[in-house]
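Quick notes on the structure that follows.
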Amino acid sequence: MRVILAPMEGVADAPMRALLTGVGGYDLVISEFIRVVDQLLPEKVFYRLCAELANESKTLSGTPVRLQLLGQHPQWMAENAIRAIELGSLGVDLNFGCPAPMVNRSNGGAAMLKQPETIYKVVKAVREAVDEKFPVSAKIRLGWDDKSRCVEIAQAIEAAGATELTVHARTKEEGYKPPAHWLYIQKIKSSVAMPVIANGEVWSREDYLKCQQVSQCDDVMIGRGALAVPNLAHVIKGDQAKMPWAKVLQLLLQYSEYEIVSEKEKYYPARIKQWLKFIAKQYSQADELFVQVRVLKKTPDILTLLKAQV
Ligand SMILES: Cc1cc2nc3c(=O)[nH]c(=O)nc-3n(C[C@H](O)[C@H](O)[C@H](O)COP(=O)(O)O)c2cc1C
């Protein structure tokens, strides 16, 4: 079984990826998406969204990172995929599930689920452009507003030569509303030969076991659950209990300290607050802390408060 850390734009940034894979249990990480429209993007964009490229595409603790691209133009996706590989990415992942209105208005992300033939063309162009020794994977939702074409979409991705497929078991319209429809992952898995990775609403080992049973997939990708319980990968693998609150606090401190080092004062307080909100889903102590942290504007003040809790 593999546990993969999900791409989460604006949340699972490189410092967060370093922190979570440092806790361990992850076999692979997918980066936040890089939006491709109609040009070959400059190298700095790749480094900004996937800083691990400068470290042989691995997090500090050595977990491999695969860069994710999002776009609807086959040729530009192929050109940017080549650049990703040249810069050292260990493969390319293609995002066909993003629900952001800006992305969807220009026919990217989840909007592509309405056109399996365009998805096919994008995957094929990227697969043909990238040396076969590097994986080209895809990530989908079950559809735009209904699930009737999910098998067709997966089969198009396979026919185009994708190495593997992650299925977030909801339509775009379903957003993040529970439940995730794991049975549809099983329908997809039984219709294709490539490896399928299950994704959606796995917050505990119990969830994983249920998801595994229903989807028939051993491999799982975890997103919000990984933020809420920082050692969830180990918990899922059955080799650790849920991390105690004191340890979570230490990680919050570490993440906040990074910000001081990186001097991104204005930017990161929002990210610390955001992370704390996810943690509050699984730790009641985080709820109380969030009330105090939310009014603070500067990271040093947040740090002082966090240190006082330890
Ligand atoms: C804040 C946020 C940002 C996300 N950004 C991306 C992204 O950049 N690329 C992508 O393929 N999916 C993205 N997703 C979707 C997740 O990768 C994942 O499919 C989804 O959260 C369901 O998994 P979960 O229930 O384990 O969180 C994002 C999700 C969240 C909550």
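General remarks:
- From the alpha carbon centroid of segment 281-302 to that of segment 1-70 is 26 Å.
- Treating each Cα of segment 1-87 as one equal point scatterer and applying the Debye formula with no solvent, the log10 of I(q)/I(0) at q = 0.15, 0.18 Å⁻¹ comes out as -0.52, -0.72.
- Over all distinct Cα-Cα pairs of segment 81-176, the Kirkwood formula returns a hydrodynamic radius of 13.4 Å.
- Pair Met194, Asp145: separation of 7 Å Cα→Cβ label points (nm): 2.8 nm
- Along its principal axes, segment 245-309 has C-alpha extents of 30, 21, 19 angstrom, given from the largest down.
- With only the Cα atoms considered, the chain has a convex hull volume of 125 Å³ per residue.
- Given +1 at the Cβ of Lys and Arg, -1 at the Cβ of Asp and Glu and no other charges, the dipole of the chain around its Cα centre is 680 debye to the nearest 20.
- Under 12 Å, Cα to Cα: Lys pairs in segment 3-237, sequence gap 8 or more or different chains: 4
- Cut-off under 5 Å, modelled amide H: who pairs with Phe33 long-range: Glu9
- Normalised by the number of residues in the chain, the average gap of Cα pairs under 8 Å and 6 or more apart makes the relative contact order 14 percent.
- Altogether, the Stokes-Einstein calculation at 10 °C and 1.306 mPa s, with the Kirkwood radius of segment 191-230 over Cα pairs as Rh, returns a diffusion coefficient of 150 µm²/s.
- Pairs of lysine residues in segment 245-309 that meet both criteria, 8 or more places apart or on different chains and Cα atoms under 22 Å apart, total 23.
- Eligible aspartates and glutamates near Lys242 by straight Cα distance, threshold 15 Å, same-chain separation 8 or greater: Glu206, Asp207
- A simple packing score, the average count of other Cβ atoms within 10 Å per residue, orders the peptides 212-223, 272-283, 169-180 as 212-223, 272-283, 169-180, with the highest score first.
Read-outs throughout are calculated quantities, based only on the coordinates presented, and are distinct from any laboratory measurement. Small disclaimer: the values here were computed from a predicted structure and weren't measured. Glycine gets a Cβ as well: all are built from the backbone with ideal geometry, and neighbour counts include every protein chain shown.
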